Structures are given as structure tokens and as C-alpha cells.
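For reference, the structure discussed in these notes is given below.
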Amino acid sequence: MDSNNKTMVSYFIINGISNVPKLQLPIFLLVLLIYLLTLGGNLVILLLVCLDSNFHTPMYFFLANLSVLDMSSSTTTLHKVLVAFLTQDKTVSFLGCIAQFYVFSSLACNELLILTAMSYDRYVAIYNPLHYSIIMNPRVCTLLATVCWVVSFLEVVPYLALLLEVSCYKSNIINHFFCDLVPLRSLSCSNTSALEMLSFIEGLLLLSLTPFVLTFTPYVFIIAAIVRIRTSGGRYKAFYTCSSHLTVVVLLYGTLVCQYLNPTREDSLESNKWFSLFNTAAVPLLNPLIYSLNNKDVKAALRRTLRVIKYY
């Protein structure tokens, strides 16, 4: 579609990660490897949480939710890169594109909320360990997770409604590897002031700032509690239980800030694509490594599971 032809589109063409022909095979192999490792790592965590009673704890319950989110998010965003290489078809229908944006955005929002719930869980574990099992009982954990899932899929509905109202686009070529808000908004030739205002008010204040504050506020109390621990071993153990979660939170929020809080300019779309790739490919891959696969309890559980499989 010509860039001067401002009209409604019935389909979009996804540019992908790179247009350089020589890079197509290496990119495909790299994305495929990352995707398979992401699925493998998160499936291991999910299966251990489901099958091993030692992992029936609030922390691993939320980690199981995070694993489901990571696998779903990677599948939602990276599948088009893989399919496009195999079929040479880079097109996606208009409704398919909007649906991909909605699912990915809801999953991203959900991940922020789950990380907030995990922050509260770590706060209770360190600040009130004697009552931890009473406060973080299965009913409370299930309620927190349910609220996170429901709220995240409802919060993105206003974006969905505004995107469906866009009357024309300057082009149907998306300079990205999936349908995301920033490249879609940059292509619109309609008035996007309402969408930009919504992005600022709801996106920054509700979807980003509120979970950020609710996530990091407990760490003020956590650090205060750790400082008061008398033994160095106790301080190390308490810090170790929180460092993994804090690392993931910093990585995720750092990439989201770079990805969505930049001005929408043509020269910023390329950098946005790479930040988005890190957020949708690297972070889901790193999560199981940071949280669990380097944990001695998880390693012991894997050995037990492998021994059982070998026995049968």
C-alpha cells in the first residue's frame, strides 16, 4: 500500500526483526532457540509446581502463574517471526493484528500485577514470618492471582475500543515483528490524541506507575527488616529470597520504560523494536533461570523426577 494512500486496511504486513536477507536464517534459528528454551524452562517450573508437594507454596504458586504468562507472551509475539520465515507470508488480518495486540498487552499487564503480588508475598515472608502461612493461605493466593488475571484483561479494553475506531492508516506495513501499540499508533492518519491521552493516564499511571509503587514499597520495609537481622547468615538468606524477584522487576520495568515512554517518531521505532524483542524473548527466558533453575531446591526436585523417570 502506498504511503500517500490514507485508507482503512483489511490486513497488515509485518516487517519482522530485520529486512536484511542474509540475516533471515540466523534470526529464525536464534528466535526458535530462545522460544524452545523459554517453553522448556517454564514448563519445568510449571510441572514441578504441579507434581511436587514441596513446591505447593505461595511463592511457587505465583511463579507457576508467571511461567504461564511467559509461555503465552512468547507464543503470542514470536510465532509470527517463525511462521513468516517458514511460509514467507508476513501478512496478518486487521482483526488478527488487533487481537494480537490485545492478548499481548493483557499478558504484559498481568505480569506486572503478578510481580506486585509476589512482592507482597516476599514482604509477608520476611516481615511477618510467624504468620506467613496464615496470611498467605491458598484462598488468598488464588484470590490475588484471579484479580490479576481479570483486571489485566479488562484494563486493555479501552485501548482495544480506540484502535477499532481508527478510520485510516498511512500504510499497512508495520515496522515491527508483531502488532504493538506504538507502531500501530504511528501508522494512524486519524486523530490519535485520545489514544495518546489514554496511554499517558492509564498506561503510565495505572498500568505502570501503580504496580511499580505497589511492588517497590514493600521492599522499603523488607530492607528495614533485613537490616535488623542480627546474623550475617540470616541477612544473606533473607536477601537471597528477594533478590531474584527484584532482578526480574528491574529488568522488566527498565525495558518497558524504554519501549513505551519514548516519543513516537520514525527513528525511535527501530530502537523500540529491539527493546520489545528483549522484553518478549529475553525476559521470559531469563525468568526461570533467575527464579528457580539456579535454586538448589529446584535442582534437587529435578534430580528426583529424573530418577523416577529413569526407574520407569
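In table form, for the structure just shown:
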quantity: Criterion (touching a Gly at 6+ places or on another chain (Cβ under 7 Å), surrounded by 18 or more Cβ atoms within 10 Å (Cβ to Cβ) and more than 18 Å from residue 185 (Cα to Cα)) met by exactly one of 117, 84, 125; calculated: 84
quantity: Count of the stretch 167-218 residues which are open to solvent by 60 Å² or more (accessible area, probe 1.4 Å) and charged (D, E, K, R); calculated: 2
quantity: Selection status of residue 161, part of a helix (DSSP H, G or I), without any contact (Cβ under 8 Å) to a residue 24 or more places away in the chain and closer than 23 Å to residue 297 by Cβ; calculated: no
quantity: Single residue of the stretch 14-33 satisfying the filter (under 12 Å from residue 81 (Cα atoms) and among the β-branched types (Val, Ile, Thr)) that is most open to solvent (accessible area, probe 1.4 Å); calculated: 27
quantity: Unique residue being closer than 30 Å to residue 129 by Cα, at pLDDT 80 or above and not polar (S, T, N, Q) when the list is 184, 214, 195, 209; calculated: 214
quantity: Scope the stretch 46-81; condition open to solvent by 60 Å² or more (accessible area, probe 1.4 Å) and not in a helix (DSSP H, G or I); matching residues; calculated: 56
quantity: For residue 186: the one exception among (1) under 25 Å from residue 81 (Cβ atoms); (2) of a type in the set (S, T, N, Q); (3) in contact with a Cys (Cβ under 9 Å, 6 or more places away or on another chain); calculated: (3)
quantity: Selected residue [farther than 21 Å from residue 73 by Cβ and not hydroxyl-bearing (Ser, Thr, Tyr)] from 154, 162, 181; calculated: 162
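The values are calculated or read from the model by the stated rules, or taken from the named source; none is laboratory data. Keep in mind it's a predicted model, so treat the numbers as computed, not measured. Here Cβ is always computed from backbone atoms with ideal geometry, including for glycine, and neighbour counts include all displayed protein chains. Keep in mind that these areas ignore ligands, DNA and RNA; they rest on the heavy atoms of the full protein, side chains included. Shrake-Rupley method; radii C 1.70, N 1.55, O 1.52, S 1.80 Å.
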